[in-house]
Amino acid sequence: MSHVLRKLTRVSLVAESFESDFSAQAEPYRRELLAHCYRMTGSLHDAEDLVQETYLRAWRAYDRFEGKSSVRTWLHRIATNTCLTALEGRQRRPLPSGLGAPSSDPTAELVERNEIAWLEPLPDPAGDPSDIVGSRESVRLAFVAALQHLSPRQRAVLVLRDVLQWKAAEVAEAIGTSTAAVNSLLQRARAQLEAVGPSDEDRLAAPDSPEAQDRLARYIAAFEAYDVDRLVELFTSEAVWEMPPFVGWYQGPQAIATLVRQQCPAQAAGDMRLLPLTANGQPAAAMYMRDGDRHLPFQLQVLEITDAGVGHVVAFLDTSLFERFGLPDHL
C-alpha cells in the first residue's frame, strides 16, 4: 500500500511540475494572444474564448514542444489556427458605416439589428507604457474594422507578417501552405486594406497625450452638462457617429447634434455621467444614464481624436462590455 502511495505522490509531483513549468512559460503571452485573437475575430467575447482554447491545446501538446521556435511563436501559431477553425463559415463583424449604406437622417427612426454580429471594442491593458504604445496601432478600431473585409486566411497572413513581423516561410509553416501562397495572400490583403482602411491613423492623438486628455475632458463635460452646442464645437467638420446595434451612421456636427437632441433619452444636465478610459489604443468613455436615484450602463464610446477635434465616435450599446472593461454596474 505504501509503495502505491509513493508512486502516486511521484506522479502528482511530476504533474505539478509540468503544470508549473507550462504556466511559467506560457502565461506571460496571454495579453498579446488576446490582442491577436481579437484582430482575427473583431470580438472581445470570441477572443477570450479562443485564448482559453489556445492554452488548452498548448497544454495538451506541451510535452511534444521541442523548442525549435520560441514559446511565443509556438503559442501564436496555435492561436492562429484556432482562430481560422473558429472563423470557418462565419460572417465578418462590421460597424454600421461598413455596411455600405449612405449616412442616415438623424430625425428618422432608429433601426436596430441584433442579429448582426457587430465589431466589439477591446480594453487597453494596464502595465508597461512602452508595451501599450507598441500595440496601439494594431488594435485601433478602424484598423480592426478594415481587417474584417479580408478573408480569414488573408487576415492571418497580414497580421502575422505586418503586425508580428514574421517571415513568409514562418507564416507558411504556421498555416500549412507555401511561401508563394503567403506572398500572394499578403499582396491581395494589403491592396484590399488600402482600399477600405483608415487614411488618417497617423494623425490620431495618443490617449495619454495632453491634447487627447483635454479634448476628452471637455467632451465628457459637455455631455454631463447636456450642452449640445458645446459638444458640436468639439467635432471635426466630417465627424462620424455610429452606435451598433443600430444600423444608421451620421456625418457632420449638426447631424450628430440633431441625433443627440432627438434620440438620446437624457433630458437635462446630470442625466448622463461618463467615466474616462481607453479602448483599442484610443480615448474612450463609459456613459451611464440616470435611472431613478442612480446611473446605469448605457454606452461605451470609443473616440478618434486628431488635432482638428473629435473625428469619429463609435458608441457601443452592448452593456455586457462594462463588466469586461472592469467598470462598475452602476454609479
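The values are calculated or read from the model by the stated rules, or taken from the named source; none is laboratory data. This is a predicted model, so every value here is computed, not measured. Because the Cβ atoms are built from the backbone with ideal geometry, glycine has one as well, and the counts that use them run over all protein chains shown. Ligands, DNA and RNA are excluded from the accessible area calculation, which covers all protein heavy atoms including side chains. Shrake-Rupley method; radii C 1.70, N 1.55, O 1.52, S 1.80 Å.
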May I ask you to say which residue of Glu19, Glu27, Glu48 is open to solvent by 20 Å² or more (accessible area, probe 1.4 Å), modelled with pLDDT of 95 or more, part of a helix (DSSP H, G or I) and not assigned by the TED database to the domain that holds Ala279? Glu48
Can you tell me which of (1) touching a residue at least 12 places away in the same chain (Cβ under 8 Å); (2) under 24 Å from the mean Cα position of the chain (by Cα) is the one Gly100 doesn't meet? (1)
Does Glu66 satisfy being open to solvent by 30 Å² or more (accessible area, probe 1.4 Å) and either under 15 Å from Val139 (Cα atoms) or touching a residue at least 40 places away in the same chain (Cβ under 8 Å) (or both)? no
I need the full set of residues from segment 57-77 which are within 24 Å of the chain's Cα centre (by Cα) and of a type in the set (Lys, Arg), in order please. Arg57, Arg72, Arg77
I'd like to know if segment 73-82 contains one or more residues that are outside the structural domain of Glu238 (by the TED database) and either farther than 25 Å from Gln165 by Cβ or part of a loop (DSSP other than H, G, I, E, B) (or both). no
